[in-house]
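K.L.:
If you scroll down you'll find the structure; I have some questions about it.
The values are calculated or read from the model by the stated rules, or taken from the named source; none is laboratory data. Remember, predicted model here, so these are calculated numbers, not experimental data. No Cβ is skipped: glycine too gets one built from the backbone with ideal geometry, and neighbour counts run over all protein chains shown.
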């Protein structure tokens, strides 16, 4: 591949994808296409941004003509840019629709004009809605329950229209919660780590019994690479993990890293307007390609804690 474009590549998930493709494809030009909003940071790209074959383009994916310019000559487009924090979507839902739906539409139109041969769209397990028992596969219906997941489901509908009308070669991935270093501290793991570093109490929504599966950003990036190698357009892949915890259990694990008593450092706050109790995926489809998660949150937490201790100054103004 001569040119790989990764939208949202200066953010948390996107930067891990950039790192992976930078290392695996040393002959490829890599374009990081990012608006550089609050959750993006050039320091997330410090492993590769000094290399002349890696280029950061600061632009909004909602601007169609700029998308057309940037995507010219692209062999692989990975669309990871999104407004993604559920709490924010309750108070600023129009921005989620603009970025996640209009932005995706602009990218698909630009990709169509250039006949890009491989496009991977990063969606989310949240488009399925609550899965209180069992697990859902890629053929399950979409039942989004909040403005964020609704905007991601809507983006998938735009993509479906381009696939049906123009045979645009898009593959969609829906992943469990993704963890790792460099995650902006609006999500539970980095937020709670920084709160514990400041000796603050952890604030759990509701009763803390909401359950989530946790997938390493490194495993996720490897999955995208495998999909790009064993390319089949028009596919949907759930990317999952067996590692599942309640928010209370996760909080207790984080407290243990600091030798803090959970009973003294965990408190409860008003729940979201709607808070899915659980998400769960069947992911046999991608294991058939030869992928399985290689990492474990429980084993990775000490390393993640050490990174936030070292880089806590990044977030002093939050």
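K.L.:
Filter segment 286-305 for residues that are surrounded by fewer than 16 Cβ atoms within 10 Å (Cβ to Cβ) and either touching a residue at least 12 places away in the same chain (Cβ under 8 Å) or farther than 20 Å from residue 244 by Cα (or both) and give the result.
P.N.:
Scanning segment 286-305 gives 288, 289, 290, 294, 296, 298, 302, 303.
K.L.:
When you go through (1) in contact (Cβ under 8 Å) with a residue 24 or more places away in the chain; (2) in contact with a helix residue (DSSP H, G or I) (Cβ under 8 Å, 6 or more places away or on another chain) one by one for residue 206, which number turns out not to apply?
P.N.:
So the condition that residue 206 fails would be (2).
K.L.:
While we're on this one: Scan segment 87-105 for residues that are in contact with a helix residue (DSSP H, G or I) (Cβ under 7 Å, 6 or more places away or on another chain), at pLDDT 95 or above and either over 23 Å from residue 1 (Cα atoms) or in a loop (DSSP other than H, G, I, E, B) (or both) and jot them down.
P.N.:
Narrowing segment 87-105 to residues in contact with a helix residue (DSSP H, G or I) (Cβ under 7 Å, 6 or more places away or on another chain): 89-90, 93, 96-97, 100-101, 104-105.
Those still in the list that are at pLDDT 95 or above too: 100-101, 104-105.
Matches in segment 87-105: 100, 101, 105.
K.L.:
If you take the residues of segment 174-194 that are touching a helix residue (DSSP H, G or I) at 6+ places or on another chain (Cβ under 7 Å) and part of a strand (DSSP E or B), which of them is farthest from residue 280 (Cα to Cα)?
P.N.:
The selected residue is 179.
K.L.:
Among what's in segment 195-222 and is in a strand (DSSP E or B) and closer than 21 Å to residue 120 by Cβ, pick the residue that is farthest from the chain's Cα centre (by Cα).
P.N.:
Residues of segment 195-222 in a strand (DSSP E or B): 202-205, 211-216.
The next check asks that each one be closer than 21 Å to residue 120 by Cβ; those that pass are 213, 215-216.
Working: 213: 13, 215: 10, 216: 11 Å.
If we take residues in segment 195-222 being in a strand (DSSP E or B) and closer than 21 Å to residue 120 by Cβ, then 213 is farthest from the chain's Cα centre (by Cα).
K.L.:
Also, I was wondering about something else. Listed residues 197, 193; which is within 22 Å of residue 15 (Cα to Cα) and modelled with pLDDT of 95 or more? So that I can check it myself, show each step before the final result.
P.N.:
Working: 197 fails: within 22 Å of residue 15 (Cα to Cα).
When all the criteria are applied, what remains is 193.
K.L.:
If residue 51 satisfies all but one of (1) modelled with pLDDT under 95; (2) over 20 Å from the mean Cα position of the chain (by Cα), what's the number of the condition it fails?
P.N.:
(1)
K.L.:
Related question: If I filter segment 249-261 for residues that are surrounded by fewer than 21 Cβ atoms within 10 Å (Cβ to Cβ) and within 28 Å of residue 123 (Cβ to Cβ), do I get at least one hit? Walk me through how you get there before you give the answer.
P.N.:
Quick first cut of segment 249-261, residues surrounded by fewer than 21 Cβ atoms within 10 Å (Cβ to Cβ) only: 249, 252-253, 255-261.
Pick out the ones that are also within 28 Å of residue 123 (Cβ to Cβ) and you get 249, 253.
Checked against the condition, which is being surrounded by fewer than 21 Cβ atoms within 10 Å (Cβ to Cβ) and within 28 Å of residue 123 (Cβ to Cβ), segment 249-261 yields at least one hit.
K.L.:
Check residue 232 against each of (1) in contact with a strand residue (DSSP E or B) (Cβ under 8 Å, 6 or more places away or on another chain); (2) part of a loop (DSSP other than H, G, I, E, B); (3) within 28 Å of residue 44 (Cα to Cα) and name the one condition it does not meet.
P.N.:
Result: residue 232 fails condition (3) only.
K.L.:
Just give me the residues in segment 120-144 being part of a loop (DSSP other than H, G, I, E, B) and touching a helix residue (DSSP H, G or I) at 6+ places or on another chain (Cβ under 9 Å), in sequence order.
P.N.:
If we filter segment 120-144 for residues that are part of a loop (DSSP other than H, G, I, E, B), which is where we start, we get 123-124, 129-135, 137-144.
Selection gives 123, 124, 129, 131, 137, 138, 140, 141, 142, 143, 144.
K.L.:
Confirm whether residue 226 is out of contact with any strand residue (DSSP E or B) (no Cβ under 7 Å at 6 or more places or on another chain), more than 21 Å from residue 137 (Cα to Cα), touching a residue at least 60 places away in the same chain (Cβ under 8 Å) and assigned to a helix (DSSP H, G or I). Before you say what the answer is, go through the steps one by one.
P.N.:
Values: out of contact with any strand residue (DSSP E or B) (no Cβ under 7 Å at 6 or more places or on another chain): yes; more than 21 Å from residue 137 (Cα to Cα): no; touching a residue at least 60 places away in the same chain (Cβ under 8 Å): yes; assigned to a helix (DSSP H, G or I): yes.
So residue 226 fails the test.
K.L.:
Quick check: is even one residue across segment 48-64 in contact (Cβ under 8 Å) with a residue 60 or more places away in the chain and either closer than 16 Å to residue 104 by Cβ or surrounded by fewer than 16 Cβ atoms within 10 Å (Cβ to Cβ) (or both)? Quick ask: steps written out before the conclusion?
P.N.:
Within segment 48-64, the first condition is being in contact (Cβ under 8 Å) with a residue 60 or more places away in the chain, and the residues that meet it are none.
Scanning segment 48-64, I find no residue that is in contact (Cβ under 8 Å) with a residue 60 or more places away in the chain and either closer than 16 Å to residue 104 by Cβ or surrounded by fewer than 16 Cβ atoms within 10 Å (Cβ to Cβ) (or both), so the answer is no.
K.L.:
Additional query: Considering only residues that are more than 20 Å from residue 100 (Cβ to Cβ) and either in contact with a helix residue (DSSP H, G or I) (Cβ under 6 Å, 6 or more places away or on another chain) or in a loop (DSSP other than H, G, I, E, B) (or both), which ones fall in segment 145-168?
P.N.:
166, 167
K.L.:
Additional query: Name the single residue that is nearest to the chain's Cα centre (by Cα) among those in segment 11-41 being within 20 Å of residue 72 (Cβ to Cβ) and in a helix (DSSP H, G or I). Before the answer, list the steps.
P.N.:
Taking segment 11-41 first, the residues within 20 Å of residue 72 (Cβ to Cβ) are 18, 21, 25, 27-35.
Those left that are additionally in a helix (DSSP H, G or I): 18, 21.
Working: 18: 13, 21: 16 Å.
By that ranking, first place goes to 18.
K.L.:
Let me ask another. Under 8 Å by Cβ, and 6 or more places apart or on different chains, what pairs join a residue from segment 174-187 that is in contact (Cβ under 8 Å) with a residue 12 or more places away in the chain and at positive phi with one that is surrounded by 21 or more Cβ atoms within 10 Å (Cβ to Cβ) and in a strand (DSSP E or B)?
P.N.:
Note: pairs meeting the criteria are 180/216.
K.L.:
Which residues, taken from segment 267-304, are more than 21 Å from residue 205 (Cα to Cα) and either at pLDDT below 95 or outside any helix (DSSP H, G or I) (or both)?
P.N.:
Within segment 267-304, 281, 282, 283, 288, 289, 290, 291, 292, 293, 294, 295, 296 meet the criteria.
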